[in-house]
1. Please find, within the stretch 43-96, the residue that is nearest to the chain's Cα centre (by Cα) out of those that are closer than 17 Å to Val199 by Cβ and acidic (Asp, Glu).
2. Kindly evaluate Lys105 against the criterion of being under 43 Å from the mean Cα position of the chain (by Cα) and modelled with pLDDT under 65.
3. Check Ile89 against each of (1) in contact with a helix residue (DSSP H, G or I) (Cβ under 8 Å, 6 or more places away or on another chain); (2) part of a helix (DSSP H, G or I); (3) modelled with pLDDT under 80 and name the one condition it does not meet.
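The values are calculated or read from the model by the stated rules, or taken from the named source; none is laboratory data. On a predicted model such as this, the values are computed, not experimentally measured, just so you know. We place every Cβ from the backbone using ideal geometry, glycine too, and count neighbours over all the protein chains shown.
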Amino acid sequence: MYLALRHQITRNYNSENFIDRLQKEVNGVITDLNQTTEMNVQIISHESEKLKKLEKKVEERIAEMQQIYTLLDSRDSRYQEILDNARRIQKTPGHPADPSKAYRKASAPRQHGDPGATSIQSRLTSPGIHETDIHETQVNMTEPSPETQADAPVQIPEHTEGDSDNDNLTPREKVMGYYHQGRELDDIAARTGLPLGEVELIIELHK
């Protein structure tokens, strides 16, 4: 009995058999590790591709935001320049508070006894000029030229209840009419219903 057990133990735990079994187990562990490593590499590669695509989208979004910021900054600079010009013009010495009065004074017809009118009348009544020529000349002098009519400011009467005359004017004509009346830009924007920046732009372009 003892000899049989000893033979069985010796056969099972022989050095060669033990090494073979150990090598098989090690090879199996290495194979499992290789498979696990390969799976991890594939997962990491997939996640890396996703991160690259996300990074590209972020860069494109940043570029779009920079373009929008540049556009807004240029518009703000333009509006600020227009506002500064308007304020500088208002502070300029000699700038009429009511430009329409200066226009009406300049365009008023000469009265009898005015040196300028007397000089013109003396030239018109000189020998060789007929009364018909004088009449035609006076008519031509009193009728404004097309250039003068184009440059004349639009006069907007004070708004009264039920008055619809201003409704026939374009927004630009309303803005310039109120501006030539000497009104402030905020008041013009409130009366016309236009944004303050658009009112400033219309006035600046008219200049």
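1. Asp76
2. Spelling it out, Lys105 is indeed under 43 Å from the mean Cα position of the chain (by Cα) and modelled with pLDDT under 65.
3. Of everything listed in (1) in contact with a helix residue (DSSP H, G or I) (Cβ under 8 Å, 6 or more places away or on another chain); (2) part of a helix (DSSP H, G or I); (3) modelled with pLDDT under 80, Ile89 misses just condition (1).
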